[in-house]
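Every number in this text was worked out from the coordinates using simple rules, so none of it is lab data. Since the structure is predicted, the reported quantities are computational estimates derived from the model, not experimental observations. Cβ sites come from the backbone with ideal geometry, for glycine too, and all protein chains shown count toward neighbours.
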Amino acid sequence: MPLRHAFLQFKKAIRLSEYDYIGLREQELFVVDTFESQRLRRIRQTPGVSLVYPGANHTRFEHSLGVAYLAREAATSALSEEIESPLVDVLDV
């Protein structure tokens, strides 16, 4: 469970089937612990699929955690390394 990051301090780990364990920071835990976020646990992302595939369990809550994880990874990647635009090479600017 590698939950170490160069400049992020994780308070809690949650396991998602797609991404294994993800770390949550204090601000993210505050949002996840709200009543509105917890209501997403009851809403199925793929209703009826679990009748055909018993292991297919995906809720809006799990989806929201996955989206938050991917958004954080994209933001930290953009902040930690310089992204060179391919247009710079093509236009020779």
7 Å from Cα along Cα→Cβ at both R60 and Q38: what's the point-to-point distance in nm? 1.7 nm
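Tell me, in nm to one decimal, what length is gained between E26 and S77 on full extension, where the rule is 0.36 nm per residue of separation less the Cα-Cα distance?
On the way: separation 51, 0.36 × 51 = 18.36 nm, distance 2.02 nm.
Roughly 16.3 nm would be gained on extension.
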Over all directions, how big on average is the projection of the convex hull of the alpha-carbon atoms in the stretch 12-91, in square nanometres? 8.1 nm²
